[in-house]
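What follows is a set of notes on a single structure, which appears directly below.
Throughout, read-outs are computed from the coordinates displayed, never taken from laboratory work. This is a predicted model, so every value here is computed, not measured. Here the Cβ is made from the backbone with ideal geometry for all residues, glycine too, and neighbour counts use every protein chain on show.
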Amino acid sequence: MPLTQSHRSSAEAFDEHVPGVLLATSKDYPLKDLYIQMFTRSQVQESIMLPAVPEPLVVWILSGTAVVEEREPGGEWKASRVTQGDFFLTNSPRPCELRWKAEGTEPFTVMHLYLGLGLVRQAVMELFSEDSTDAGLKEISGASDAVLSQLLEHLRRELTSQHKPSPLYVHGIGQSLAVHIVRQYSDPALRGSVHRGGLPAYKLKRITDLLRESLEDEFSLSRLAEEAGLSEYHFCRAFKQSTGMSPSAYFIRLRLERARRLLRETGKSIIEVGMEVGYTSPSHFAKVFRREVGVSPSIYRSAG
């Protein structure tokens with residue numbers, strides 16, 4: 001069954017959470033069942049939160065070397081040193097927190113590939129005679145796989161060549177990828193054992209966009225719940241299943257992400273930065289910043 005537009009949109013929506021320069025994307029081509037993006041990432045990235053998405057995600061290192069750390073919210077950091085050809089595979093129903101630091105001067109470039117649920121279902125049906133999109137995939141961090149790299153390299157060339165990508169060719173590679181990934185990285189004990197609740201992807205995108213657009217405003221739970229078409233109780237529960245955080249905590253995190261960026265990249269005063277992210281009291285802004293970041297705004301700026 002082809003991947004629906006709503007599933008493709010979920011992958012497109014969530015990649016905006018990781019800053020970087022977009023080098024190429026499959027978004028402009030009528031490719032079914034796969035969504036592909038290539039980025040040059042920043043050399044150093046502080047902690048960021050990625051919401052969970054329904055599609056299995058493969059992150060393949062195209063160039064550079066970096067130490068990438070990941071954890072579930074509140075958990076312990078797990079570090080992996082990765083270089084060209086290494087990959088990550090995730091299909092977790094829980095959000096993930098990331099940070100990394102690249103080594104040397106070579107650009108840190110990566111490919112993100114979201115494997116369509118239609119391809120996953122086909123592979124599961126062929127390999128296990130089960131009609132399901134849940135392949136029970138293991139979480140893989142910083143591993144190498146020659147077959148996977150070969151298939152991904154074909155996709156990279158197709159997407160970056162001078163000719164228009166062939167949907168038929170890409171779909172064939174996608175089928176091969178799905179079979180290889182499900183065959184090599186599926187764990188029977190994981191299939192059907194995880195509840196994937198939370199907000200639908202399009203609703204989560206709508207809510208996070210609304211939060212980002214209103215950082216200067218007071219937090220309004222009732223407005224968010226109304227936008228999602230849920231009671232406040234059910235909205236809070238679904239939002240936390242998707243992001244691992246309450247709506248108010250997520251809002252504060254977005255505010256401080258912008259504040260950190262303003263402190264690093266502009267000459268605005270600390271008072272101006274605080275007001276731009278919704279804090280009219282300098283002391284309150286400093287208190288929240290210190291609690292969430294670990295240092296005061298002035299120390300953070302001087303350290304950068």
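Could you run the Karplus curve 6.51 cos²θ - 1.76 cosθ + 1.60 with θ = phi - 60° over region 72-86 and give me ³J(HN,Hα) per residue in whole Hz, x for Gly and Pro?
For region 72-86, the Karplus-derived couplings read 6, x, x, x, 8, 5, 10, 9, 9, 8, 10, 9, 3, x, 6 Hz, x marking Gly and Pro.
So which DSSP H runs in the chain come out at 30 Å plus along the axis (Cα) with average Kyte-Doolittle of at least 0.0?
Length and hydropathy pass: none found.
Anything over 32 Å Cα to Cα? Flag those among LYS101/LYS164; LYS138/LYS203; LYS27/LYS203; LYS138/LYS287; LYS32/LYS205, in the order listed. Intermediate values should be presented prior to the final figure.
Working: LYS101/LYS164 35 Å; LYS138/LYS203 27 Å; LYS27/LYS203 20 Å; LYS138/LYS287 40 Å; LYS32/LYS205 21 Å.
In this structure, LYS101/LYS164; LYS138/LYS287 exceed 32 Å between Cα atoms.
Along the Cα→Cβ direction, 7 angstrom out, place labels at ARG237 and THR40. What is the inter-label distance in nm?
Result: 4.8 nm between the two label points.
Suppose every Lys and Arg Cβ carries +1 and every Asp and Glu Cβ carries -1, with no other charges. What dipole size does region 112-158 come out with about its Cα centre, to the nearest 20 debye?
200
Please identify, among LYS32, LYS203, LYS287, the residue showing maximal mean-square fluctuation in a Gaussian network model of the chain using a 10 angstrom Cα cutoff.
LYS287
In the chain, with Lys and Arg counted as +1 and Asp and Glu as -1 at Cβ, which of these residues, GLN162, PHE87, PHE219, has the Cα nearest the positive end of the dipole, that is, farthest along it?
Farthest towards the positive end: PHE219.
How far apart, in nm, are the 7 Å Cα→Cβ label points at ARG183 and LYS164?
Those two pseudo-labels are separated by 3.3 nm.
Taking the convex hull of the Cα atoms, report for region 74-225 its projected area averaged over all directions, in nm².
Value for region 74-225: 13.2 nm².
Under the 0.36 nm per residue contour assumption, what length would be gained going from the current alpha-carbon distance of LEU23 and ARG223 to full extension?
Working: separation 200, 0.36 × 200 = 72.00 nm, distance 3.65 nm.
Difference between extended and current length: 68.4 nm.
Please compute the alpha carbon radius of gyration of the chain, then divide it by the globular-protein estimate 2.2 N^0.38 Å. Two decimals is fine.
Relative to the rule-of-thumb radius for its length, the chain sits at 1.05.
Along the charge dipole of region 201-303, which of THR243, GLY229, VAL277 sits closest to the positive end, that is, farthest toward it, with unit charges on the beta carbon of Lys, Arg, Asp and Glu (+1, +1, -1, -1)?
THR243
Exposure proxy check: ARG121, ARG94 ranked by fewest other beta carbons within 10 Å?
Least crowded to most crowded, the residues run ARG94, ARG121.
Given +1 on the Cβ of Lys and Arg, -1 on the Cβ of Asp and Glu, and no further charges, what dipole in debye does the chain carry about its Cα centre, rounded to the nearest 20?
With only Lys, Arg, Asp and Glu charged at Cβ, the dipole is about 440 debye.
Within region 197-226, find all residues whose amide N lies under 15 Å from a label point positioned 7 Å from the Cα of SER248 along Cα-to-beta-carbon.
Residues 218-225 fall inside that zone.
For region 72-116, which semi-axes, largest first and in whole Å, follow from the square roots of 5 times the eigenvalues of its Cα gyration tensor?
Taking √(5λ) for each Cα gyration eigenvalue gives 21, 17, 8 Å.
Taking 0.36 nm per residue of sequence separation and subtracting the Cα-Cα distance, how much length would be gained by fully extending the chain between LYS78 and ARG157, in nm to one decimal?
Details: separation 79, 0.36 × 79 = 28.44 nm, distance 3.18 nm.
Here the segment from LYS78 to ARG157 would lengthen by 25.3 nm.
Which value in Å does the Kirkwood hydrodynamic radius of region 201-303 take, with 1/r averaged over all unlike C-alpha pairs and then inverted? Spell out each step's value before the answer.
Values: mean 1/r = 0.0695 Å⁻¹.
Its Kirkwood hydrodynamic radius stands at 14.4 Å.
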